[in-house]
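For reference, the structure discussed in these notes is given below.
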Amino acid sequence: MTQLVTAAEMQQIDKYTIDTIGMPQDVLIERAAMAVLDVIGASRFDLTHVLVLAGLGNNGADGVAIARLLYAQGINVSLQFVGNVNRAKDSVKRQLAIIEKHGLIRSEKSDFNEATLIVDAIFGVGLNNVLPEGLQKMIKAANHIEKPVVAVDIPTGIDATTGEIRGAALKAHTTVSFGFTKVGLTQQKGSSLSGNIIIKDVGMLIPDDFEFSIQKKLPVA
Ligand SMILES: NC(=O)C1=CN([C@@H]2O[C@H](COP(=O)(O)OP(=O)(O)OC[C@H]3O[C@@H](n4cnc5c(N)ncnc54)[C@H](OP(=O)(O)O)[C@@H]3O)[C@@H](O)[C@H]2O)[C@H](O)CC1
Ligand SMILES: [K+]
């Protein structure tokens, strides 16, 4: 059975694992990236040209690590940031410094049409507002050409708690979600846009006295 959590509960669990248990954030990012590689490797996606779209938070940091792991396997991967990289979180900048040493250069602008698979690492549980107009337009264009998308943790644009669409949302073929099933993936549009949901353990721990607000559990597929 898989436990359902809200965005706030997932963020509390993240914080507890890092601050109290002492699990380094970069280890969680690496394990999340490896989990996505596992799923991609076990699937039948055409990996001729993988386009990784990365945001400025930890979801984006996962995306940069995913791009690095794909690149290290000799896969033709493009990494494109959505937003001003100078405003990215430190976790993203650490990953960027590592990929530069690997020789993987960020793309300024990528053509969706060239990609055979899109990895969506723009926003995850931290989405807390409607998406910027420009990103909404980009997402609608990407949905229109129906390229296969693997969503990292949550499809960008889906509210992790309510499942509502925040302006626009990237339709995923597969969603690889970390630790627990975000309840937004099972509600409203969240469930129809997430595609095949795969929950992967990345080493999150919960406090003994942690009380989940949602008692209902989902049968594991
Ligand atoms: N749970 C796990 O096991 C792991 C989770 N990880 C990954 O981390 C993300 C959550 O990362 P976080 O940095 O909290 O948030 P996001 O990356 O989803 O969002 C980035 C920041 O963007 C800002 N934001 C939110 N909404 C908007 C918006 N509509 N427009 C513009 N900007 C927005 C927000 O920053 P603020 O300063 O505004 O709060 C977000 O922080 C999780 O989903 C996982 O992928 C770990 O990396 C691995 C383990
Ligand atoms: K995402």
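The values are calculated or read from the model by the stated rules, or taken from the named source; none is laboratory data. Being a predicted model, the structure only gives us computed values, none of them experimental. Cβ: placed from backbone, ideal geometry, glycine included. Neighbour counts: every protein chain shown. Just so you know, the surface numbers come from the protein's heavy atoms only, side chains and all, with ligands and any DNA or RNA stripped out. Shrake-Rupley method; radii C 1.70, N 1.55, O 1.52, S 1.80 Å.
Per-structure values
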| item | result |
| --- | --- |
| Qualifying residue in the stretch 48-55 (condition: more than 15 Å from the chain's Cα centre (by Cα), more than 19 Å from Ala151 (Cβ to Cβ) and surrounded by fewer than 16 Cβ atoms within 10 Å (Cβ to Cβ)) | yes |
| Only one of Ile139, Ile158 that is over 13 Å from Gly195 (Cα atoms) and buried (at least 24 other Cβ atoms within 10 Å of the Cβ) | Ile139 |
| Failed item in (1) open to solvent by less than 20 Å² (accessible area, probe 1.4 Å); (2) within 16 Å of ligand 1 (Cβ to nearest atom); (3) of a type outside the set (Asp, Glu), with Val82 passing the rest | (1) |
| Residue count, the stretch 202-221 (criterion: modelled with pLDDT of 95 or more and more than 13 Å from ligand 1 (Cβ to nearest atom)) | 0 |
| Some residue of the stretch 172-185 being of a type in the set (Lys, Arg) and open to solvent by 20 Å² or more (accessible area, probe 1.4 Å) | no |
| Filter result for Val64 (under 19 Å from Gly124 (Cβ atoms) and away from ligand 2 (no atom under 16 Å from the Cβ)) | no |
| Matching residues in the stretch 117-157 - criterion: being within 11 Å of ligand 1 (Cβ to nearest atom) and of a type in the set (A, V, I, L, M) | Ala121, Ile122, Val125, Leu127, Val130, Leu131, Leu135, Ala151, Val152, Ile154 |
| Residue count for the stretch 1-45, restricted to those that are more than 17 Å from Val125 (Cα to Cα), within 16 Å of ligand 2 (Cβ to nearest atom) and free of Cβ contacts under 8 Å to residues at least 60 places away in the same chain | 1 |
| Residue under evaluation Ala97, criteria (1) open to solvent by 20 Å² or more (accessible area, probe 1.4 Å); (2) without any contact (Cβ under 8 Å) to a residue 40 or more places away in the chain; (3) within 14 Å of ligand 1 (Cβ to nearest atom), criterion not met | (3) |
